[in-house]
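Read the figures in this text as sums done on the coordinates, not as results from a lab. Bear in mind that the values here come from a model prediction, so they are computed numbers and not experimental data. Don't worry about glycine lacking a Cβ; one is built from the backbone with ideal geometry, like all the others, and counts go over all protein chains shown.
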Amino acid sequence: MTRRQALLMRGAHLVWRFTRGMTLGVRGAAIDPENRVCLVRHTYMDGWHLPGGGVEPGETALEAMAREFREETGIVLDASATPALHGFYFNDRASKRDHVALYVARAFTVPVPKRPDREIAAAAFFPLDALPPETTPATRARLAEIRDGSPPAATW
């Protein structure tokens, strides 16, 4: 992450501190039948991440997850299969008031693959046992929990 990007994120968290009592984000692990997970590379952060973002006022966490999957990856969730909540995490790396809900989706389509834009540099599927080297430690930890069936950690 560049210094400018880090300052922008700090500025956003400062604004949220005064406008929101707590921030809630969602992340999603979309895992296909070949046991591959969809990861994204943002233009403003280093590494590969699980897709996701903030839950907006008046939006459920599942609605936010569906929106983030569409916007960041082109993934459309199957309406007949609700993603499973894997865990709820305190994200103390972002701030002392940030929380993340992690969902696992196994029923989805990708009608139109995501093309790079101002926010997303790339979106791609990777085998769970062969993640790219630039995958962030938190993303690796969450995917290991899912892959191994271990309970979620308390912190992101």
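For the charge dipole of the chain, defined by +1 on Lys and Arg C-beta atoms and -1 on Asp and Glu C-beta atoms about the Cα centroid, which residue among Ala124, Pro111, Thr43 has the Cα displaced farthest towards the positive pole?
Thr43
In region 31-140, which chymotrypsin sites (Phe, Trp or Tyr not before Pro) fall in coil by DSSP and have 15 or fewer other Cβ atoms within 10 Å?
Details: sites: Tyr44, Trp48, Phe69, Phe88, Tyr89, Phe90, Tyr103, Phe108, Phe125; in loops: Tyr44.
Qualifying residues, ordered by number: Tyr44.
What ³J(HN,Hα) values, in whole Hz, does the Karplus curve 6.51 cos²θ - 1.76 cosθ + 1.60 give for region 86-91 when θ = phi - 60°, with x put for Gly and Pro?
3J(HN,Hα) across region 86-91, in whole Hz: 8, x, 10, 10, 8, 9.
Please give the FRET efficiency for Ala84 paired with Ala12, using the beta carbon to beta carbon distance and R0 = 30 Å, rounded to the nearest 0.05. Present the calculation step by step, with values, prior to reporting the outcome.
Working: r = 29 Å, r/R0 = 0.98.
Calculated value: 0.55.
What's the local net charge at Gly149, with K and R +1, D and E -1, over the other residues with C-beta under 15 Å away? Let's see the in-between values first.
Working: positive: Arg106, Arg142, Arg147; negative: Asp129, Glu145, Asp148.
Value of the local net charge: 0.
Expressed as a rounded percentage, what relative contact order does region 77-156 have, with Cα pairs under 8 Å and six or more residues apart? Write down the numbers at each step before the final one.
Working: 79 pairs, mean separation 27.1, N = 80.
Over region 77-156, the number comes to 34 percent.
State to the nearest 20 debye the size of the charge dipole of region 3-148 about its Cα centre, where the only charges are +1 on K and R beta carbons and -1 on D and E beta carbons. Could you put the intermediate results ahead of the total?
Values: 20 positive and 18 negative charges, 121 e Å.
Around 580 debye, computed over region 3-148.
Find me the longest stretch of the chain that has none of the exposed trypsin sites (Lys or Arg not before Pro), where exposed means in a DSSP loop (not H, G, I, E or B) with at most 16 other Cβ atoms within 10 Å. Before the final figure, lay out the partial values.
Details: sites that count: Arg20, Arg93, Lys96, Arg97, Arg106, Arg118.
Here the longest run is 21-92.
Once you mark the GluC sites (Glu not before Pro) that are in a DSSP loop and have at most 13 other Cβ atoms within 10 Å, what is the longest gap between them in the chain? Before the final figure, lay out each step's value.
Working: sites that count: Glu34, Glu119, Glu134.
My reading of the result: 35-118 is the longest stretch.
Using only alpha carbon pairs under 8 Å that are at least six residues apart, calculate the relative contact order of region 3-148 and give it in whole percent. Walk me through the numbers on the way to the answer.
Details: 248 pairs, mean separation 43.9, N = 146.
It rounds to 30 percent for region 3-148.
Taking a virtual spin label 7 Å from the Cα of Ala124 along the C-beta vector, which residues in region 38-62 bring their backbone nitrogen under 19 Å of it?
The answer is 38-52, whose backbone nitrogens lie closer than 19 Å to the label point.
May I ask for the net charge around Ala107, where only other residues with Cβ less than 11 Å from the Cβ of Ala107 are counted and Lys, Arg are +1 while Asp, Glu are -1? Don't skip to the end; give the middle numbers.
Working: positive: Arg106; negative: Asp32, Asp78.
Here the charged neighbours net out to -1.
Among bridges DSSP assigns within the chain, what percent are antiparallel (round to 5)? Don't skip to the answer; put the middle values down first.
Details: 21 of 31 bridges.
Beta bridges within the chain, antiparallel portion: roughly 70 percent.
Sum up the charges of everything whose Cβ sits under 12 Å from the Cβ of Leu39, counting Lys and Arg as +1 and Asp and Glu as -1, but leave Leu39 out.
On the way: positive: Arg27, Arg36, Arg41, Lys114, Arg140, Arg142; negative: Glu72, Glu134.
Cβ neighbours under 12 Å give a net charge of +4.
With each run of n ≥ 4 DSSP H residues scored as -39500 (n - 2.57), what mean residue ellipticity at 222 nm is computed for the chain after dividing by its residue count and rounding to the nearest 500 deg cm²/dmol? Show your work: numbers first, answer last.
Values: 3 runs with 42 residues, N = 156.
The per-residue figure over the chain is -8500 deg cm²/dmol.
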